[in-house]
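Report on one structure; see the data block that follows.
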Amino acid sequence: MSVAESGVVAAGGSRTATAEGSIIWETKVRLIGNRVIVRDALLLLIICPGALFLLIGIPYGLSEGLVATLTDIGPLVLIAGLIFLILLVVTLVFLHVASRGGLSAVFVVNQDGVGFAAGSMTRTVNRAALAGSLLFRSLGGTGAAILAKSSERGFIRWDEVRYIRVYPRDRFILVRQKWLIYPIGLYCTEENFPVVLDLIRHYKPGAVGK
């Protein structure tokens, strides 16, 4: 399939529509067994406890010493990391079950840039999470649900793109803005991954890295 072709392709529950210089597709993003999510989760498991240890440990260590910091603060940070891991796993399992195997999303690449929008099932899950958090008066859950709801769509113009990272094995393309915030991840299908990558290289050739 070339960039110039047009039509609609349906495969494995995904739908792809192509036109001259653009492509739009809808697919389900797996949560369980998704290596991109696993990598990000492991990174968070390192950064969050590490930041907590530095935030508490540096002032404590200046007054009590290094040994006291490791013995007193270290176990607390490990417990916090374990709690974070449990909450992360529970959240992923809940979303996996609620979304029946993955969160639906629509992605687009055209002459203006790249974008995404949450599918109907994803929006339903986000609204249910927000309603449940408000019902049970969970401040943390409410904040997470509001953040998820506010991130139901996004778009980055080509002149705003700073760097593009390609993960061929996962058929995943990460597009970062110049300000390094709110990147967009494109989850491609086996069928449309070459077309999406060709389009991106066409519109922003110098930004594509390995």
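The values are calculated or read from the model by the stated rules, or taken from the named source; none is laboratory data. Owing to the predicted nature of the structure, the values given are computational and were not obtained by experimental measurement. Heads up, the Cβs are rebuilt from the backbone with ideal geometry, glycines too, and the neighbour counts pull from every protein chain shown.
List the number of the failed condition for Gly101; all other conditions in (1) over 26 Å from Ala117 (Cβ atoms); (2) touching a Lys or Arg at 6+ places or on another chain (Cβ under 8 Å) hold.
The failed condition is (1).
So which residues in the stretch 165-210 are of a type in the set (A, V, I, L, M) and exposed (fewer than 15 other Cβ atoms within 10 Å of the Cβ)?
Leu180, Ile181
Right, Ile58: over 29 Å from Glu191 (Cβ atoms), within 26 Å of the chain's Cα centre (by Cα), at pLDDT 80 or above and not assigned by TED's automatic domain parsing to the domain that holds Arg171 or not?
No; evaluated as a whole, the condition is false for this residue.
Go through the stretch 85-124 and count every residue that is surrounded by 14 or more Cβ atoms within 10 Å (Cβ to Cβ), among the hydroxyl-bearing types (Ser, Thr, Tyr) and either out of contact with any Gly (no Cβ under 7 Å at 6 or more places or on another chain) or modelled with pLDDT under 75 (or both).
The number of residues fulfilling the criteria is 4.
Give the residues of the stretch 36-70 that are in a helix (DSSP H, G or I) and small (Gly, Ala, Ser), sorted by residue number.
Once the filter is applied, which keeps residues that are in a helix (DSSP H, G or I) and small (Gly, Ala, Ser), the stretch 36-70 yields Ala41, Gly50, Ala51, Gly57, Gly61, Ser63, Ala68.
How many residues does the stretch 7-35 hold that are at pLDDT below 75 and either among the β-branched types (Val, Ile, Thr) or in a helix (DSSP H, G or I) (or both)?
Going through the stretch 7-35 one residue at a time, the tally reaches 4.
Determine whether Ala17 is without any contact (Cβ under 8 Å) to a residue 12 or more places away in the chain, assigned by TED's automatic domain parsing to the domain that holds Gly115 and either surrounded by 12 or more Cβ atoms within 10 Å (Cβ to Cβ) or among the hydrophobic types (A, V, I, L, M, F, W, C) (or both).
So Ala17 passes the test.
Starting from the stretch 87-110, take each residue that is at positive phi and of a type in the set (Gly, Ala, Ser) and list its partners that are surrounded by 14 or more Cβ atoms within 10 Å (Cβ to Cβ) and modelled with pLDDT of 80 or more, counting only C-beta distances under 8 angstrom and pairs at least six apart or across chains.
Gly101/Lys28; Gly102/Lys28; Gly102/Val29
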